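Colleague: Structure provided below as structure tokens; questions to follow.
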2 protein chains.
Amino acid sequence: MSDYARATIADVAERAGVSIATVSRVINKTGQVSAATAARVESVISELNYAPQAAARGLASRRTNTIGLILREITGEFFQPMLRGIEAGTRELGYDLLIHCTHRSPEVQSPANYPLSEHNSDGLLVFTDSLDEAEIIRLYYAQFPLVLLHRSAPPGLHIPCVTCENKSGARRLIDYLIEQRGCRRIAFLSGPDGAEDSYWREMGYRESLAAHGIPFDPRLVTLGGFDQHQGRIAVHQLLSRSVQIDAIFAGDDDTSIGVIDALKEEGLRVPEDIAVVGFDDIPLARYLTPPLTTVRAPIETAAREAVHQLVRLIRTGEADRLTLLPTELIIRRSCGAT
Amino acid sequence: MSDYARATIADVAERAGVSIATVSRVINKTGQVSAATAARVESVISELNYAPQAAARGLASRRTNTIGLILREITGEFFQPMLRGIEAGTRELGYDLLIHCTHRSPEVQSPANYPLSEHNSDGLLVFTDSLDEAEIIRLYYAQFPLVLLHRSAPPGLHIPCVTCENKSGARRLIDYLIEQRGCRRIAFLSGPDGAEDSYWREMGYRESLAAHGIPFDPRLVTLGGFDQHQGRIAVHQLLSRSVQIDAIFAGDDDTSIGVIDALKEEGLRVPEDIAVVGFDDIPLARYLTPPLTTVRAPIETAAREAVHQLVRLIRTGEADRLTLLPTELIIRRSCGAT
DNA sequence: CGTTACACTGTAAGCGTTTACACCACAAAC
DNA sequence: GTTTGTGGTGTAAACGCTTACAGTGTAACG
């Protein structure tokens, strides 16, 4: 391709009549350089359109100035605010952002087939279950900076985590349904297998039931999968069990969409026959019919915070063990409020 | 940080009793290596958890195996399918993805302050107006592989572009409004200044009007900004002009959301008093009240295709000058259809 | 049995930076 | 007028790979 030779630091040095070390000092603002020399170098740099080559810097300095983000796949409404937060964080702190999707299989595919890790980033942001636990452990013992987003660390490992207050958010949501809307038979749709967010939401749900003296009924719990389609399936399952239901906590907002659609198809009215509530407050939530009662999760803030923690870990070796962001109850019509 | 020394190619070579050249051959599958040797090297690699360091490879091979994506900011519903497509493309082709937001200012901030470009990626995907035209020109003449997404090349430059059929999509949309719904006074909300998508949509709009003998009325055109908030403002502007309107082509779906909200606030019914149509068919479109008539743009496919073109350009020096993807009319209730 | 060919492997020269170290001039301190 | 800094600069050794080139050894050929 471009046989055309790019300017190197040596070209700049020669043209400015200084050594490459001095040019490097000017670029990185490390060490002392006289104002006159610096100005001369700067002008040659822009004259030559010189820009240092990342690979060479990385090799020499053992720093890539890049943060890696690992996720399973880019999908769902959840993703947009998260990425916005991560991008904001990396830009604020002067890092580049490298994205890698592990797709279906969180296990590292081939041994030498470099997945995003220590060889091309200074630290890694790991989203939920995008990475095999074994790989997390390996990276941890290799002392590679890691921050987990919306999941907790394997037992015993001191890896910083950033997530939202799932349990207390769910607790308040269910409290509201019971106390203000008089619900007693509330179904819960869990997230995909191993989703921690779902686990804590279920804990909040159970806690609320217990606090109100309502017995936990396993027939009211089924898989929602944090996914529209699975939400529809869940509704049909629940209805076929012929147990009484007056509300559905769909696990998350995406699932709620499918739930509301499916209920309408079954000829049931939301919220008159069955109230529906979600979790996350995705942008779409307020446009559903009826608008969705949910818990607002500060997805963007959490993502940004995770980057900050990661950079702190990279630079100082320290970071907060756990960052838990507060959630907020958002009441809309899908639960019967007017 | 990790004072712990990572395994290098030399460690692998020593342990396997071969030279580093041989290890390199095994890793890259270049050149001949006996099956026995290869197996031995492979086993040492996984034993040592060795993975080549990207910076060193990049420096030695003059390839980064990374594709850069430049955009202004990660925002809007548009972004999610686009990123999914780009990610799919890069993964299929074995590239990493580096994302850089130029944010407000498309001009390169400081001279030596490396924005994503020739120093850390093999090629660049440029989204709409995320990059200054001067910088595009510079990269072009530096022979750096470039593909433009949803914008066209500066005059005279042979830079491959990938976009959707905005003009014919808009043409069909307006044809439908006029012919099937009997609209004659159709307002058009343009995108932000310089947005090419908007330009072509307006061309389609004007072409349709002309074809039906409806005179173009500049009072029916105002800024929509491809943005919800600006959509609301636009509605108030239009109404204050006290010109007759029976439909609003909001420019894109995001704008439609604001338009519908604003119309409702003004006490107008959609579609009985004023029909509303958008463009893109974002996931949210079908959940609006009423569900939105729009033009489906293959955002994900376009993004994926752009990556393929870029990689072809990187590898062979050739790519299609223009890739135009077909759009599809999606009729829903917001235009009066039942 | 000497060639030739080819499969396999090693040697070493970069790639473009950063950075430890050394050096020099000149000013301030004795 | 010798010391002792201290800004300012240069030299050169890494950093961990890829790859051109130069060997080996063995099999097949004449």
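The values are calculated or read from the model by the stated rules, or taken from the named source; none is laboratory data. Just so we're clear, the structure is a prediction, and the values are computed from it rather than from any experiment. So basically every Cβ, Gly included, is an ideal-geometry build from the backbone, and we count neighbours across all protein chains shown. The accessibility values were calculated without ligands, DNA or RNA, using every heavy atom of the protein model including side chains. Shrake-Rupley method; radii C 1.70, N 1.55, O 1.52, S 1.80 Å.
Colleague: Evaluate the Kirkwood expression for the hydrodynamic radius of the protein assembly as shown, namely the inverse of the mean inverse distance over all pairs of different C-alpha atoms, and round to one decimal in Å.
Modeller: 27.6 Å
Colleague: Angle, helix B:228-240 long axis vs. longest principal axis of chain B, Cα atoms, 0 to 90°, nearest 10?
Modeller: 20 degrees
Colleague: Around A:Arg332, which amide H atoms from residues at least 5 apart in sequence, or from another chain, sit under 5 Å from its own amide H, with H modelled in the peptide plane?
Modeller: A:Thr293, A:Thr294
Colleague: What FRET efficiency comes out for A:Ala337 versus A:Asp193 if R0 is 51 angstrom and r is the Cβ-Cβ distance? Round to the nearest 0.05.
Modeller: With a Förster radius of 51 Å, E is 0.95.
Colleague: May I ask for the accessible area buried between chains A and B, both sides summed, probe 1.4 Å, to the nearest 100 Å²?
Modeller: By this definition, chains A and B bury close to 5300 Å².
Colleague: Right, here's the next one. In segment B:219-316, which trypsin sites (Lys or Arg not before Pro) are in a loop and have at most 10 other Cβ atoms within 10 Å, using DSSP for the loop call?
Modeller: Within segment B:219-316, the qualifying trypsin sites (Lys or Arg not before Pro) (loop, at most 10 other Cβ atoms within 10 Å) are B:Arg269.
Colleague: May I ask for the Kirkwood hydrodynamic radius of segment B:221-312, worked out over all distinct Cα pairs and given in angstroms to one decimal?
Modeller: It works out to 13.9 Å.
Colleague: On to the next question. Taking only DSSP H segments of four or more residues, each worth -39500 (n - 2.57), what value at 222 nm results for chain A once the sum is divided by all its residues, to the nearest 500 deg cm²/dmol?
Modeller: -13000 deg cm²/dmol
Colleague: Same structure, new question: For peptide A:56-66, how many partner chain Cβ atoms fall within 10 Å of a residue's Cβ, on average?
Modeller: 4
Colleague: Next up: State, to one decimal in nm and shortest first, how far the label point of A:Gly156 sits from each corresponding label point in the other identical copies (label point: 7 angstrom along Cα-to-Cβ).
Modeller: Taking the point 7 Å beyond Cα along Cα→Cβ, the inter-copy spacings are 6.8 nm.
Colleague: Follow-up question, since we're still on this one. Which of the lysines could a cross-linker bridge to A:Lys264, judged by Cα under 21 Å and excluding same-chain residues fewer than eight apart?
Modeller: none
Colleague: Using θ = phi - 60° and the Karplus relation 6.51 cos²θ - 1.76 cosθ + 1.60, list the HN-Hα couplings for segment A:320-327 in order, rounded to whole Hz, with x at every Gly or Pro.
Modeller: 5, 4, 9, 10, 10, 9, x, 10
Colleague: Now for a separate question. In segment B:132-152, what residues drop by 40 Å² or more in accessible surface going from the chain by itself to the full protein assembly, probe 1.4 Å?
Modeller: Residues passing the criterion (a loss of at least 40 Å², heavy atoms only) are B:Arg138, B:Ala142, B:Gln143.
Colleague: Related question: How much of the accessible area of the protein assembly as shown, probe 1.4 Å, is carbon plus sulfur, in whole percent?
Modeller: 50 percent
Colleague: Give me a comma-separated list of calculated 3J(HN,Hα) values for segment B:74-90, in order, Karplus coefficients 6.51, -1.76, 1.60 applied at θ = phi - 60°, integers in Hz, x for any Gly or Pro.
Modeller: Working through the residues one at a time gives 8, 7, x, 5, 4, 5, 4, x, 5, 5, 4, x, 5, 5, 4, x, 5 Hz.
Colleague: On to the next question. Return the FRET efficiency for the residue pair B:Met203, A:Ser46: r is the Cβ-Cβ distance, R0 is 30 Å, and the value is rounded to the nearest 0.05.
Modeller: Taking R0 as 30 Å, the efficiency between B:Met203 and A:Ser46 is 0.15.
Colleague: Skipping prolines and chain starts, which residues have an amide H placed within reach, meaning under 5 Å, of the one on B:Ala275, given they are 5 or more residues away or on another chain?
Modeller: The list, which skips near neighbours in sequence, is B:Ala247, B:Ile248.
Colleague: Also, quick follow-up: A:Thr289 versus A:Ser240, label points 7 Å from Cα toward the beta carbon: distance in nm?
Modeller: 2.9 nm
Colleague: Next up: With every protein chain left in place, what is the accessible area per residue of the protein assembly as shown in square angstrom, probe 1.4 Å?
Modeller: On a per-residue basis, the protein assembly as shown sits at 42 Å².
Colleague: What do you get for the angle between helix A:299-316 and the principal long axis of chain A? Use alpha-carbon atoms, 0 to 90 degrees, nearest ten.
Modeller: Helix A:299-316 sits at roughly 40 degrees to that axis.
Colleague: For the pair B:Gln180/A:Arg184, report the inter-label distance in nm, with labels modelled 7 Å from Cα in the Cβ direction.
Modeller: Between B:Gln180 and A:Arg184, the label points sit 5.0 nm apart.
Colleague: Output, in nm with one decimal and in ascending order, the distances from the A:Pro215 label point to the matching label points of the other copies (7 Å from Cα along Cα-to-Cβ).
Modeller: Result, one decimal in nm: 7.8.
Colleague: Counting partner chain Cβ atoms within 10 Å of every residue's Cβ in B:35-46, what's the average?
Modeller: 1
Colleague: Ok, one more. If I build a Gaussian network model for chain A, linking alpha-carbon pairs within less than 10 angstrom, which residue out of A:Glu47, A:Glu135, A:Glu87 has the largest mean-square fluctuation?
Modeller: Answer for the Gaussian network model of chain A: A:Glu47.
Colleague: Rounded to whole Å and sorted largest first, list the principal axis extents of the Cα atoms in chain A.
Modeller: 84, 40, 38
Colleague: So if I average 1/r over every pair of distinct C-alpha atoms in segment A:287-326 and take the inverse, what Kirkwood radius in Å does that give?
Modeller: For segment A:287-326, the Kirkwood estimate is 12.2 Å.
Colleague: Which FRET efficiency value, to the nearest 0.05, do you get for A:Glu318 and A:Gln32 by plugging their Cβ-Cβ distance into 1/(1 + (r/R0)^6) with R0 = 22 Å?
Modeller: Given R0 = 22 Å and the Cβ-Cβ separation, E is 0.10.
Colleague: Starting from the amide H of A:Cys161, placed 1.01 Å from N in the peptide plane, find each other amide H under 5 Å away whose residue is 5 or more places distant or on another chain.
Modeller: A:Leu148, A:Leu322, A:Thr323
Colleague: Follow-up question, since we're still on this one. Considering every residue in A:77-89, what mean count of other chain Cβ atoms within 10 Å of its Cβ is obtained?
Modeller: 4
Colleague: Also, quick follow-up: Could you work out Rg/(2.2 N^0.38 Å) for segment B:9-52, with Rg from alpha carbons only?
Modeller: Segment B:9-52 yields a ratio of 0.96.
Colleague: How large is ³J(HN,Hα), in whole Hz, for each residue of segment B:8-16 in order, when computed from phi with the Karplus curve 6.51 cos²θ - 1.76 cosθ + 1.60 and θ = phi - 60°, using x for Gly and Pro?
Modeller: Here the 3J(HN,Hα) series is 10, 4, 5, 4, 4, 4, 4, 4, 8 Hz.
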